[in-house]
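To keep things clear, I will list the structure first and then write my remarks on it.
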Amino acid sequence: MGSLFSPKKILQSQYTMILVMIRNIIFLVLGIMLGIRLTDFIGYLKLWRNNDLRASEKAALLKYPVASEEHLATWLRREVRILCLVLTMPSSHATKAALVNRTWGARCNKLIFMSSQTDSNLNILQINKSESRKNLYAKVRTGMAYVHKHYLNEYDWFLKADDDTYIVMENLRLFLYPYDPESSVYFGCRFKAYFSQGYMSGGGGYVLSRDALRRLNLFALNSTTICKLNGESEDVQIGHCLQDVGVIAGDTRDFQGHHRFLPVNPFTVFPTILSNSWLEGYFFHKPNKSDCCAASAISFHYVKDFEFELFEFFLYYMRVFGLHRTPRALPSRLGFRQMNERLQHWSQQVTDNKN
Amino acid sequence: MTAKMKLRSQLHLLTGFMAGFVLAFVLLLYVYDVSRVTPCWSSTSTMTTATTARIEDGPPPRILCMVLTCPENVQSLARSVYETWGQRCSRLIFASSEDYEPLGVVGVVEPTGGGYEDLWNKTREGFRHVWEHYAGDYDWFLKADDDTYVVMENLQHLLRGFDPNTPVFFGYKMSRYNVSYMSGGASYILSREALHRFATQAYESEVICPQPKKMGIEDFYMGICMQNVGVHFVDSTHALDGDTKPKFMPLDLENYMSDANYTIPEWLRLMSLSRVETGLACCSNYSVAFHYASRERMFLYEFLIYHLKVFDPNQISERGHRSRLTLSDLTRRFPLEDNSNIKDLLQMSEKPDNF
């Protein structure tokens, strides 16, 4: 009886309990450390596929894989890599093309101008075709083939615009972020046509996914039956080609039905799109008439020279005290099943515009 | 017994390890993951109902906006002001030659007048009317044309630095015949005390203030009146510490945004106190007023400033704090004008040269 409660045994029992506690804590800490390392490793795997990231940037981002909100737009620029193809002509090099180059074009991941002559101040892909409206399509085909050959795997999305287009690149990236560039899809301002899917208006710009560009070049541009050169507009022909190779026309309206890609100057649609205007009859989806434009608008067309800097001033320089203008979170990325559901929905859309 | 204890021991270790791992993993993923599901960002349903966040330090200055218009412009320009920036005034009054109740238009001159030649009379009578009815209810009194666009939030921020009970005259300062005045088209602001002095000392006096007359030079004459009643001229270009660019634009932004120098008229260069820049360096990031705004241009500014949202890190809301200048600070920084250059008002020609 007395031996069971001897001080020696009690002390030994306490000592053992302390040892067990210490051992448990050690393993808890090891678990925490391993969890941290695994999270870092996952972040590293995400960044590894981004091969244009410099070593110093890799090292910095490894510490903070996604960083704080203030760096979201910078991070987004690397997550959604957009190559911009801009149609121009020699007479516009010093005016419109130069304005694109130093305003919104500077925010593309890569900017290439398509023209019939070179210029030392611009990154020009020279296409030896005379400048006329009927050569636009041939020019775009050549540009698309060049980009497919040299840059297909380095960028996710491929934007085609005119030199009188203004693109809000941050909003374009925000819009494209949920979508998989390996899906066969393209976006723009959707117009009606004699073929069921319709086409994206060229002036407001359109953006192809990597797979759309791949399909266009492998199946359409090499074919003598699918994608012929004819006298139609560049955007109509491209739209027809893309439909024929199974590229789906995506819906770019916001949740209120406002078009994000505007094929005109916003000037001409204030305060609302006029009834019976030429534009109203072209839309694939009937526009929302409550006001003119989407809050997350992406593109404008027929932009005058001074308006490039006017937009630049109001969007990137102007501050209004007390006014919050920026959404603070990204939408979620779509998984494989969700993306397919979305593509299916878009491919089944029928125009509701009877004009 | 020993085997059982060993098993429990291993179970403890495994539990600790897994708990640590899961804790670290989930915690880090939650903290750093920007792809978590978020609701769609909301956009304002209509442009005119855009709201601004309240600046927290003290109530905002109460600004009465007096907009000069005429019967022909009531349904176009005046209505545009009413539908856009006028909504953000503490009170909006239109001064014209005929009443029009739906927009709050008050006839302050006889019906036969009201054109450009009556601008000075309209201004005099408008301020008199405002003083008689509203002087005690508001801090600041803005006079604008019906083709001016004003960013009220930035104006409020500017005016926070000044006491409305001190005599302050605020705008784009210019000089003619060595006499200072504020550009009328870019709009100008009187403090409560300045308005009081105008209405009680200047209005009735032929010696202090030019009398009503056709083709009176409204802004130049107002400058004379203000100087003669001892009001301090605050050039908005220098009203914000660290910002030395104009905040009130006497011209259309189109003239400023063009890189060509010929778009800035010679009279503005001659009579401005500082160098007039073009391009993106033309204007302050906290600009307040733009002149020669057509109806479409007003809606464009409304869209670009309040409606269109750019996903960009630099658009974090500004919440700068401004301390108020005392009368002695005001006198030191913006001394009273030298009015020895003002000729005898009775001898002043009907229309001075170069106006």
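The values are calculated or read from the model by the stated rules, or taken from the named source; none is laboratory data. What you are looking at is a predicted structure, and each value in this text was computed from that prediction instead of being measured. Reconstructed Cβ throughout: ideal geometry from the backbone, glycine too, with neighbour counts over all protein chains shown. When the accessible area is computed, the model is the full protein with side chains, heavy atoms only, and any ligands, DNA or RNA have been set aside. Shrake-Rupley method; radii C 1.70, N 1.55, O 1.52, S 1.80 Å.
Things worth noting here:
- Which numbered condition A:Thr103 fails, given (1) open to solvent by less than 10 Å² (accessible area, probe 1.4 Å); (2) over 25 Å from A:Lys304 (Cα atoms); (3) among the β-branched types (Val, Ile, Thr): (2)
- Only one of the numbered conditions (1) open to solvent by less than 20 Å² (accessible area, probe 1.4 Å); (2) without any contact (Cβ under 8 Å) to a residue 40 or more places away in the chain; (3) not in a helix (DSSP H, G or I) is violated by A:Thr224, and that is (1).
- The lone exception for B:Phe127 - which of (1) closer than 16 Å to B:Ile63 by Cα; (2) open to solvent by less than 60 Å² (accessible area, probe 1.4 Å); (3) in contact with a Gly (Cβ under 9 Å, 6 or more places away or on another chain) it fails: (3)
- Cβ pairs under 6 Å, 6+ apart, first in segment B:195-206 and within 21 Å of B:Leu142 (Cβ to Cβ), second surrounded by fewer than 14 Cβ atoms within 10 Å (Cβ to Cβ): none
- Considering (1) at pLDDT 85 or above; (2) facing chain A (nearest Cβ under 9 Å); (3) open to solvent by 20 Å² or more (accessible area, probe 1.4 Å), the lone condition that B:Leu280 does not fulfil carries the number (1).
- Residue satisfying all of: in segment A:253-265; at pLDDT below 90 and crowded, with 23+ Cβ neighbours inside 10 Å; farthest from the other protein chains (Cβ to nearest Cβ) among these: A:Pro263
- One residue alone among B:Glu98, B:Glu110 is open to solvent by 80 Å² or more (accessible area, probe 1.4 Å), more than 7 Å from chain A (Cβ to nearest Cβ), more than 24 Å from the chain's Cα centre (by Cα) and modelled with pLDDT of 75 or more, and that residue is B:Glu98.
- For segment A:104-143, the set of residues classified as without any contact (Cβ under 8 Å) to a residue 40 or more places away in the chain and hydroxyl-bearing (Ser, Thr, Tyr) consists of A:Ser115, A:Ser116, A:Thr118, A:Ser120, A:Ser130, A:Ser132, A:Thr142, listed by residue number.
- Residue that is surrounded by fewer than 17 Cβ atoms within 10 Å (Cβ to Cβ), of a type outside the set (Phe, Trp, Tyr), away from chain A (no Cβ under 14 Å) and in contact with a Lys or Arg (Cβ under 8 Å, 6 or more places away or on another chain), where the choices are B:Leu190, B:Leu273, B:Leu268: B:Leu273
- Count of residues meeting criterion [within 11 Å of the chain's Cα centre (by Cα) and more than 16 Å from B:Arg91 (Cβ to Cβ)] in segment B:131-171: 9
- Search result, residues across segment A:192-220 that are in contact with an Asp or Glu (Cβ under 8 Å, 6 or more places away or on another chain), open to solvent by less than 10 Å² (accessible area, probe 1.4 Å) and in a strand (DSSP E or B): A:Met200, A:Tyr206, A:Ser209
- Of all residues making up segment A:165-184, the number that are away from every other protein chain (no Cβ under 14 Å) and crowded, with 24+ Cβ neighbours inside 10 Å: 1
- Under the condition of being within 24 Å of A:Met21 (Cβ to Cβ), surrounded by fewer than 13 Cβ atoms within 10 Å (Cβ to Cβ) and at pLDDT 70 or above, the residues counted in segment B:1-34 number 5.
- Count of residues meeting criterion [assigned to a helix (DSSP H, G or I) and under 28 Å from B:Gln75 (Cα atoms)] in segment B:157-185: 0
- Selected residue [open to solvent by less than 10 Å² (accessible area, probe 1.4 Å), at pLDDT 75 or above and either over 24 Å from B:Ser76 (Cβ atoms) or away from chain B (no Cβ under 13 Å) (or both)] from A:Phe314, A:Phe308: A:Phe308
- Scope segment A:102-122; condition out of contact with any Gly (no Cβ under 7 Å at 6 or more places or on another chain) and within 10 Å of A:Val86 (Cα to Cα); matching residues: A:Gly105, A:Ile112, A:Phe113, A:Ser115
The rows are residues; the columns are (1) over 12 Å from B:Tyr188 (Cβ atoms); (2) in contact with a Lys or Arg (Cβ under 9 Å, 6 or more places away or on another chain); (3) modelled with pLDDT under 85.
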{"site": "B:Gly114", "(1), (2), (3)": "yes, yes, yes"}
{"site": "B:Glu117", "(1), (2), (3)": "yes, yes, yes"}
{"site": "B:Asn121", "(1), (2), (3)": "yes, yes, yes"}
{"site": "B:Gly126", "(1), (2), (3)": "yes, yes, no"}
{"site": "B:Trp140", "(1), (2), (3)": "no, yes, no"}
{"site": "B:Asp147", "(1), (2), (3)": "yes, yes, no"}
{"site": "B:Arg160", "(1), (2), (3)": "yes, yes, yes"}
